[in-house]
Amino acid sequence: MPATIVIGLQWGDEGKGKMVDHLAENVDAVARFSGGANAGHTVEVDGRRIALHQLPSGLLRPDVLGIIGSACVLDPVALTEEIESIEKEGFSIADRLTISGKVHLVHPAGRYIENINEIRLGKAAVGTTGRGIGPTYVRKFMRKGIRLEDAAVPEIFLEKSAVITDDCIEQLALSAELAGSLREEVDLFNRESIRLVDNAMDVSMVISRILTSEGSILAEGAQGSLLDPDHGTYPFVTCGSCVSGAACVSLGIGPVMIDEVVGVVKAYSTRVGNGPFPTELTGSLGERIREQGNEYGATTGRPRRCGWFDAVLANYTARLNGCTWTTITLLDVLSGIPELKICKKYELDPEIDRALFETGVRLGKHIPVYETLPGWEEDIRGEREWDALPENARNYVLFIEKLTGVQVKAISTGPAREDLIWRK
Ligand code: IMP
């Protein structure tokens with residue numbers, strides 16, 4: 001698999017980290033191509049749960065090179081903390097990490113601006129992760145951003161950083177106390193940014209060398225396609241592109257280099273933050289899934305909203321990404337639920353145009369039409385054989401495969417690396 005993309009087909013948290021970790025066993029490099037410290041990918045290795053935020057999940061495999069692409073937004077202070085905490089667990093990270101010099105840095109001012117904006121929005125708030133993602137992308141596209149390569153010339157970098165700090169203090173009319181805290185954070189940001197220049201390189205060149213010498217790379221998306229600013233549930237989306245096409249843009253490779261696109265879906269749906277969610281379960285069943293699936297954000301600890309599998313949306317996102325196959329995660333969480341529902345189509349509000357297929361706020365007006373399938377009682381956690389799954393579990397997977405229109409090749413049945421079924 002010379003160049004493979006792994007992408008989430010729902011609202012993030014689909015378990016991409018585990019799949020990337022699994023697939024990374026046989027690749028030369030793993031590259032993150034979007035998002036930043038808003039992401040949370042959990043991987044379980046030898047009974048230890050390790051949460052990654054900005055680093056590619058495949059870096060937990062020894063000898064794999066880690067790459068951070070230019071369309072990510074990088075928080076240098078949080079990255080240094082993440083590297084230190086993972087190195088404490090016995091993994092070498094810093095010497096295997098290459099970061100695009102073109103990556104935009106999350107300046108501390110971005111978090112101040114974001115938090116105040118969210119408070120001002122009140123009920124209309126997006127419910128962001130508070131990591132300064134939106135304001136960093138705004139600066140980037142206003143052509144006023146600050147990039148890692150800028151830190152290669154410290155005098156100019158410090159000047160740029162000071163302008164961003166002063167702008168923020170003025171724009172938000174920060175009190176002397178808050179302005180003082182921001183300046184302290186900026187000092188640390190400046191130091192860490194300058195230090196990280198040692199890891200900066202032309203990522204496109206690094207990847208091109210790997211691929212032309214018959215090596216292989218795995219490109220790892222962050223968040224999920226329904227949080228994509230173009231194709232997702234706008235405005236309740238993140239700001240970095242979350243679809244497979246973004247991998248080429250961020251890593252500087254042409255689309256013809258991509259061999260496979262692996263879509264990852266949960267066996268049910270979850271979403272953190274606000275925005276439409278047609279199959280949401282607000283009662284005790286939603287709570288049961290939340291508890292069984294430990295559905296709390298890996299970055300913010302927020303409880304995730306839970307609901308039935310939405311095959312209309314999964315079919316849509318599989319198409320957006322050009323998935324060549326999919327993997328279903330967390331199937332074990334559904335054990336013991338007597339009846340399971342899958343949304344197979346929407347009963348459309350007469351005002352909504354089917355051909356347009358709006359994914360904005362009006363998506364929430366759709367009424368899901370469900371197929372009810374019998375559940376299974378058996379605990380399937382850790383199961384590794386397709387034939388050993390209860391018949392109802394297999395039928396559930398096959399029904400998702402039929403409606404999504406893409407072959408389900410792998411099924412995850414637990415958090416450990418080995419808890420995976422490969423279908424022949
Ligand atoms: P932001 O990315 O912090 O700007 O947040 C925008 C929206 O995306 C919010 O609804 C977040 O909860 C959601 N979001 C951002 N990152 C993730 C993630 O890694 N998993 C799930 N939701 C996310």
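Each value in this text was obtained by applying a stated rule to the coordinates, not by laboratory testing. Since the model is a prediction, treat every value here as computed from it, not as a measurement. Quick reminder, even Gly has a Cβ in these numbers, built from the backbone with ideal geometry, and neighbours come from all protein chains shown.
Take each peptide in 84-97, 274-287, 252-265, count the other Cβ atoms within 10 Å of every residue, and average; sorted highest first, the result is 252-265, 274-287, 84-97. Only helical runs count toward this figure. For the chain, summing -39,500 (n - 2.57) over DSSP H runs of n ≥ 4 and dividing by all residues gives -10000 deg cm²/dmol at 222 nm.
Relative to the 2.2 N^0.38 Å rule of thumb, the range 1-158 has a C-alpha radius of gyration ratio of 1.09.
Within straight-line reach of residue 102, meaning a Cα separation under 27 Å, sit the following lysines at least 8 residues removed in sequence or on another chain: 16, 140, 144, 160. For residue 74, the residues whose amide H sits under 5 Å from its own are 104, 105, 106, ignoring neighbours fewer than 5 places away on the same chain, with H placed 1.01 Å from N.
Expressed as an acute angle from 0 to 90° and rounded to the nearest 10, what is the orientation of the C-alpha long axis of helix 76-88 relative to the principal long axis of the chain? Its long axis makes an angle of about 60 degrees.
Rounded to whole Å, give me the distance from the Cα center of the range 68-98 to that of the range 258-294. Between the Cα centre of the range 68-98 and that of the range 258-294, the gap is 28 Å. The angle between the Cα long axis of helix 108-121 and the longest principal axis of the Cα atoms of the chain comes to about 50 degrees, rounded to the nearest 10. Note on the chain: Rg/Rh from Cα positions, Kirkwood definition for Rh, rounded to two decimals, is 0.97. With everything on Cα atoms, drop me the angle between helix 176-196 and the longest principal axis of the chain, reported from 0 to 90° to the nearest 10. Its long axis makes an angle of about 80 degrees. Pairs from the list 18/365; 88/424; 266/344 with a Cα-Cα gap above 27 Å: 18/365; 88/424. For the range 104-196, just say rounded, prolate or oblate: build the C-alpha gyration tensor, square-root its eigenvalues into a ≥ b ≥ c, call rounded for a/c under 1.5, and beyond that prolate if a/b exceeds b/c, oblate if not. Prolate is the answer for the range 104-196, as a/c is 1.5 or above and a/b outweighs b/c. What separates the Cα centres of the range 1-27 and the range 176-235 is a distance of 18 Å.
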